[in-house]
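Working notes for the structure below.
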Amino acid sequence: MADAMWLTEEAVDAAARGRVFCVDNAGAEDASSLRLRSEIVEFMKRPLVSDPSEADVVLRIGYADAGLDGGEAFRIRRAGTSAESIVIEGNTAVAALYGLYAWIRRTATGEGVPEGPEGYASVPQQAMRMIDHWDQVDGSVERGYAGESIFFGDLDSNDHTDFRDFPERPGRDPFRGDMARIESYARLLASVGINAIALNNVNVRGRAAELMVQPLLGRVARIARVFSGFGIKLFLAINFAAPKKLGGLDTADPLDPAVRAWWSGVIDGIYNAIPDFGGFLVKADAEGEPGPMQYGRDHKDGANMLAEPMARHGGAVIWRAFVYNCRQDWRDRTTDRAKAAFENFAPLDGQFADNVILQVKFGPMDFQVREPLTPLIGTLEHTNLMVEFQITAEYLGHQIDVNYVLPQWLRVANFDTAAPAELLGQAGDARVKAIVPRLSPNPSCSGYAGVANVGMDDNWTGNKLAQANLYGFGRMCWDGEATAESILDEWLALTFPQAGAAALEAIRGIMLTSNQTYENYCAPLGVGFMVVPGLHYGVSVNGYEYDRWGTYHFADRDGMGVDRTVATGSGYTAQYRPENAAMYEGLDTTPDELLLFFHHVPYGHVLHSGKTVIQHIYDTHFAGVEAVDGYIRAWDGVRGSIGEDDWANVAERLQRQRENAVAWRDQINTYFHRMSGVDDEHGRTIYA
Ligand code: BDP
C-alpha cells in the first residue's frame with residue numbers, strides 16, 4: 001500500500017473523529033459535489049446527513065452570503081460560538097473541498113478555526129497551480145527519481161534507468177491502470193490546491209503523441225474524470241509534428257490550412273471525450289523538438305494556431321519558453337544561453353492569443369540551486385505567464401540528498417522585478433508572485449507550474465522528506481504569505497502526527513538548512529552545473545565545460561565566472577529592468593551568491609562577506625560535508641519517533657548524500673587549489 005503522504009489517517013482522524021457531516025447543496029450531481037460527498041463517506045469514513053441542524057460540520061456551497069469571490073475561495077467558521085460545530089463554505093463544491101482539507105490541516109497544526117463570523121477565509125494567490133509530469137508512455141519518467149510512472153507502463157518493467165531507452169510496444173496498452181493510486185494522488189494534489197496537471201512528458205516520444213486521439217484518448221479520459229472531481233484539469237503535452245506523424249500530412253506548418261484543420265478536428269475530438277479538458281503543453285523548437293521555426297514561422301504562429309480551436313472549448317495552450325541553441329560554444333562573447341529565452345520571446349510580447357500562456361523556467365539557465373530570476377518576468381507586459389519550477393530534484397540531489405527547496409522557491413516568488421509603478425496598480429507590488437497575475441492580460445491564464453517528483457515507489461518520492469517539496473509547491477501557489485518555515489511546520493504536523501517535539505525539531509533543523517547545505521557543496525557562487533553530464537547528479541567540474549550546452553565556468557589559473565555584463569561580457573544584464581540591470585552589472589552591487597553567474601573575477605576577489613572567492617569555495621565545501629555529518633547524527637536521534645521504514649529510508653539516503661558531498665568537496669577544492677595555487681587559510685587537508 002502506498003504511503004498516505006501528508007493525508008495520514010491520524011491527521012484526518014484528529015479533525016473528523018466523532019463528527020457528523022452535511023453537504024448543503026441540495027443533491028447536486030456534478031463531479032465535484034459527488035466527490036465531496038464520497039470524500040466524507042469513503043475517505044474520511046464519516047456519516048453524512050441531509051439536515052444541517054443534525055451535523056457538526058456543514059459544507060455549504062453556493063451561498064451568496066459567503067462573501068467570497070470566485071469558484072475556489074473558501075471560508076471556515078464556527079457555527080455560532082461553538083468550537084465543535086463548524087461551517088465550511090464556498091461558491092462551488094471544489095471550494096468546499098479545499099476548505100475541508102484546510103480544516104484537516106489547521107486541526108493538525110493546532111491553528112483551528114478562529115472565533116467570529118469571519119472565521120478563516122482563504123483565496124488562492126495564483127490562478128493556475130499546475131503539476132507537469134515528465135512521464136513517458138513506456139513507464140519511465142524523465143528526470144524521475146521515485147520509480148516508474150504512476151500513469152503509464154507495465155508492472156513488470158521496473159528497470160528503465162535511461163529515459164532515452166524507449167521500447168516501442170505496438171498494440172500494448174501503455175496505461176498502468178492503477179486507478180486507486182491515481183485517486184489518492186488527485187486527493188493529495190487537491191488538498192494543497194493544485195488545479196491542473198499535464199499527464200505526459202514535454203519531450204513527446206513514440207506513442208505518447210497518440211494520447212490525444214482514440215483509442216488512447218479514451219483511457220486518458222478515464223484518468224481525467226478522476227482528476228476532474230477534485231477540481232484538477234488535465235493537459236496533454238503534444239508533439240508539434242503530429243500532423244505528419246499521426247495525420248499523414250506532409251507538413252506541420254502552422255499556417256497551412258490542412259494542418260490547422262487537422263488540429264482543429266483533434267481538439268474537437270478531445271473535448272468530446274473530456275469536456276473539461278485543460279489544453280496543450282508544448283515544447284517546440286527546443287532541444288531537438290519539432291516546432292514552427294522549421295517552416296520559417298515563429299512561436300506566436302505555432303501557439304496561436306493551436307489556441308484558436310482551443311478557445312472554442314475554453315481550453316488553453318501552454319507554450320514553453322525553454323528555447324535556446326543547444327549547439328553553441330560561446331564562439332563570441334555575445335552568445336550566451338542565459339539570454340536565449342528573452343531573445344526569443346520578448347519581441348513577441350503582446351502577439352499571443354488570450355488563451356496562450358508562456359511557461360518560463362524561473363531562472364535563465366536550468367533549475368540550478370542558485371540562479372537569478374529570468375528577466376522575462378517583470379518585463380513582458382502583455383503575455384500570460386506561468387513560472388516553471390522543478391519539484392523533481394534533477395539538479396538538486398535526485399531525492400537522494402535531502403533538499404527542502406521552499407526557501408529557494410520563495411526567494412524567487414518574493415524577488416522584486418522592479419517593474420515600473422505605472423504597471424503595478426494599487427498594490428504597488430512588483431514581486432514575482434504579484435506581478436505574474438498582474439501583468440498577464442488574462443490573469444486566469446497565469447500561475448505556477450512544477451515538474452512532478454512522484455513515482456511508483458512506496459513513499460511516492462524516493463526520499464520520504466522529498467514529499468515536503470510537493471506539498472510545499474502547492475501551498476506556495478495558493479498562499480502568497482506562506483513562508484518556508486510555516487509550510488514545513490504544516491507538513492511535519494500532518495506527516496508525523498505522533499512524533500514528539502524533539503524529533504520534529506531535529507527534522508525541521510535538517511530540512512530548513514538542507515537547500516543551503518546542498519548549495520554549499522556544489523558549484524560555487526551561482527556559477528552552476530559542474531555536474532556529471534546527462535545524469536546531473538554528482539560532481540564533474542569540467543563535465544560540460546567544453547561541450548555544446550552553453551553552461552560554462554571559464555575557470556583558469558587567474559580566476560573564474562561568467563562575464564555577463566554589458567561593459568565587457570555577454571550583455572545579459574541589460575535584459576532586466578534598469579534597477580536590477582544596474583545591480584547585476586556592478587561588481588560591487590551583485591550579491592555574493594550570484595557573483596560568478598554575472599562576473600569573471602580573480603580567485604583573490606574579496607566578497608561582501610570579507611572572504612576571498614577561493615577561501616569561500618574551501619569554507620563552503622568543508623561546511624557542506626560537516627552539515628551532512630550533523631544531519632546523520634540528528635537523524636539517529638529521530639529513530640523510534642517516526643515509522644521505522646521512513647526512518648530507515650532517510651538514514652540510507654543520508655549515507656549516500658554524505659558520499660556525494662565528500663566527492664564534491666574533494667574534487668572542487670582540489671581543482672581550485674591546483675588552479676589558483678592558493679592554500680586554505682585554515683590548513684585543512686585538500687587532496688591535491
Ligand atoms: C532539462 C532536462 C531535460 C528536459 C528539459 C526541459 O535535463 O530532461 O527535457 O530540461 O525542461 O532540465 O525541456
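If you take every residue apart from Arg633 with its C-beta less than 12 Å away from the C-beta of Arg633, what net charge results, scoring Lys and Arg +1 and Asp and Glu -1?
Numbers: positive: Arg639, Arg658; negative: Glu626, Asp629, Asp636.
Cβ neighbours under 12 Å give a net charge of -1.
Check the straight Cα-Cα distances from Lys245 and name the lysines below 26 Å, setting aside those fewer than 8 residues away within the same chain.
Lys283, Lys300
Stretched out fully, how many nm does the piece from Glu485 to Ala28 gain, at 0.36 nm a residue minus the Cα gap?
On the way: separation 457, 0.36 × 457 = 164.52 nm, distance 3.92 nm.
Result: 160.6 nm gained on full extension.
Note down the Stokes-Einstein diffusion coefficient of region 1-160 in µm²/s, whole number, using a Kirkwood radius over alpha carbon pairs, 37 °C, and 0.692 mPa s. Mind dumping the intermediate values first?
On the way: Rh = 17.5 Å.
My calculation gives 188 µm²/s for D.
Of Ala241, Ala316, Ser486, which is farthest on the positive side of the dipole of the chain, counting Cα position, with +1 on Lys and Arg Cβ, -1 on Asp and Glu Cβ, and the Cα centre as origin?
The residue sitting farthest along the positive end of the dipole is Ala241.
Can you list residues from other chains, or at least 5 along the same chain, whose modelled amide H is less than 5 Å from the amide H of Ala196?
Those lying under 5 Å, H to H, from Ala196 are Arg129, Ile131, Lys233.
In nm, to one decimal, how far is the modelled label at Glu644 from the one at Asp51, with both set 7 Å along Cα→Cβ?
Going by the 7 Å Cα→Cβ label model, 5.1 nm.
May I ask you to derive the relative contact order of region 258-373, considering only C-alpha pairs under 8 Å and at least 6 residues apart, and to give it as an integer percent? If you can, show how the numbers build up before the last one.
Details: 142 pairs, mean separation 29.0, N = 116.
The normalised contact order for region 258-373 reaches 25 percent.
Report relative contact order for the chain in percent, whole number only (criteria: Cα-Cα under 8 Å, sequence separation at least 6). Please list the in-between numbers first.
Working: 1398 pairs, mean separation 81.6, N = 688.
Once normalised by length, the contact order is 12 percent.
Please compute the alpha carbon radius of gyration of region 249-337, then divide it by the globular-protein estimate 2.2 N^0.38 Å. Two decimals is fine.
Working: Rg = 15.5 Å, N = 89, 2.2 N^0.38 = 12.1 Å.
With N residues counted in region 249-337, Rg over 2.2 N^0.38 Å equals 1.28.
Find me the longest stretch of the chain that has none of the exposed chymotrypsin sites (Phe, Trp or Tyr not before Pro), where exposed means in a DSSP loop (not H, G, I, E or B) with at most 11 other Cβ atoms within 10 Å.
Working: sites that count: Tyr546, Tyr687.
Longest site-free region, per DSSP loop and neighbour criteria: 1-545.
Which shape class, rounded, prolate or oblate, goes with the chain when its Cα gyration tensor gives a ≥ b ≥ c as root eigenvalues, a/c under 1.5 marks rounded, and past that a/b bigger than b/c marks prolate? Show your work: numbers first, answer last.
Values: a/c = 1.59, a/b = 1.22, b/c = 1.30.
Verdict is oblate for the chain.
Can you tell me the FRET efficiency between Lys244 and Asp13 if r is taken as the Cβ-Cβ distance and R0 is 51 Å, rounded to the nearest 0.05?
Details: r = 55 Å, r/R0 = 1.07.
For R0 = 51 Å, the calculated efficiency reads 0.40.
Roll a 1.4 Å probe over the protein heavy atoms and report the accessible area of Leu504 in Å², nearest 10.
40 Å²
Please give the residues of region 412-450, grouped as numeric ranges, whose backbone N is less than 19 Å from a label point set 7 Å along the Cα-to-Cβ vector of Ala582.
Correct set: 416-423, 430-431.
What nm distance separates the two modelled labels at Gln426 and Leu255, each placed 7 Å from Cα along Cα→Cβ?
Going by the 7 Å Cα→Cβ label model, 4.5 nm.
Per residue, how much space in cubic angstrom lies within the convex hull of the C-alpha atoms of region 509-564?
Details: hull volume 5.6 nm³, N = 56.
With only Cα atoms used, region 509-564 gives 101 Å³ per residue.
Go ahead and estimate [θ] at 222 nm for the chain from helices alone: -39,500 (n - 2.57) per DSSP H run with n ≥ 4, summed, over the residue count, rounded to 500.
-10500 deg cm²/dmol
Give the residue from Phe280, Asn203, Met130 lying farthest towards the positive end of the charge dipole for the chain; charges sit on Cβ (+1 for Lys and Arg, -1 for Asp and Glu) and the dipole is referred to the Cα centre.
Phe280
Explain nothing, just the number: relative contact order of region 410-545, from Cα pairs under 8 Å at least 6 residues apart, as a whole percent. List each step's numbers first, then the result.
On the way: 89 pairs, mean separation 15.2, N = 136.
This gives 11 percent for region 410-545.
With a cap of 13 neighbouring Cβ atoms within 10 Å, and only residues DSSP puts in a loop, list the trypsin sites (Lys or Arg not before Pro) found in region 641-687. Intermediate results must be reported in sequence, preceding the final value.
On the way: sites: Arg653, Arg656, Arg658, Arg665, Arg674, Arg684; in loops: Arg684.
Passing both the DSSP loop test and the Cβ count: Arg684.
If Lys and Arg each add +1 and Asp and Glu each add -1, what is the summed charge of the other residues whose beta carbon sits under 15 Å from the beta carbon of Thr517?
On the way: positive: Arg370, Arg508, Arg633, Arg653, Arg656, Arg658, Arg665; negative: Asp401, Glu519, Glu593, Asp619, Glu626, Asp629, Glu659.
Taking every Cβ under 15 Å from that of Thr517, the sum is 0.
At a probe radius of 1.4 Å, what is the per-residue accessible area of Met365, in Å² to the nearest 10?
Met365 has an accessible surface of roughly 10 Å² with all protein chains in place.
From the phi of every residue in region 376-384, what ³J(HN,Hα) in whole Hz does the Karplus formula 6.51 cos²θ - 1.76 cosθ + 1.60 yield, where θ is phi - 60° and glycine or proline is x?
5, 7, x, 10, 5, 10, 9, 10, 5
Could you pull out every residue, at least 5 positions away or on a different chain, whose amide H is within less than 5 Å of the one on Ala316? Hs are placed 1.01 Å off N in the peptide plane, and Pro or chain starts have none.
Under 5 Å from the amide H of Ala316 lie the amide H atoms of Gly279, Phe280, each far enough along the sequence or on another chain.
Tell me the GluC sites (Glu not before Pro) within region 499-575 that lie in a loop according to DSSP and have at most 16 other beta-carbon atoms within 10 Å.
On the way: sites: Glu505, Glu519, Glu545; in loops: Glu545.
Those that pass, being in a loop and sparsely packed, are Glu545.
Please list, in chain and number order, the residues 5+ apart from Gln390 or on another chain whose amide H is under 5 Å from its amide H, with Hs placed from the backbone.
Distant-sequence amide H within range of Gln390: Val451.
Between Arg674 and Thr568, what's the calculated FRET efficiency when r is the beta-carbon distance and R0 is 41 Å? Round to 0.05. Display every interim value, and only then the final one.
Details: r = 27 Å, r/R0 = 0.65.
Efficiency, from the Cβ-Cβ distance: 0.95.
Starting from the Cα of Lys464, draw a straight line to each of the lysines and keep only those under 30 Å, dropping any in the same chain fewer than 8 residues away.
Lys45, Lys233, Lys361, Lys433
Within the set of other residues whose C-beta is less than 10 Å from the C-beta of Pro243, count the net charge using Lys and Arg as +1 and Asp and Glu as -1. Mind showing how you got there, number by number?
Values: positive: Lys244, Lys245, Arg260; negative: Asp250, Asp253, Asp256.
Charge balance in the 10 Å sphere: 0.
The values are calculated or read from the model by the stated rules, or taken from the named source; none is laboratory data. Everything quoted here is computed from the prediction, not taken from an experiment. Every residue, glycine as well, gets a Cβ built from its backbone with ideal geometry; the counts of neighbours run over all protein chains shown. Surface areas here come from the heavy atoms of the whole protein model, side chains and all, with no ligands, DNA or RNA. Shrake-Rupley method; radii C 1.70, N 1.55, O 1.52, S 1.80 Å.
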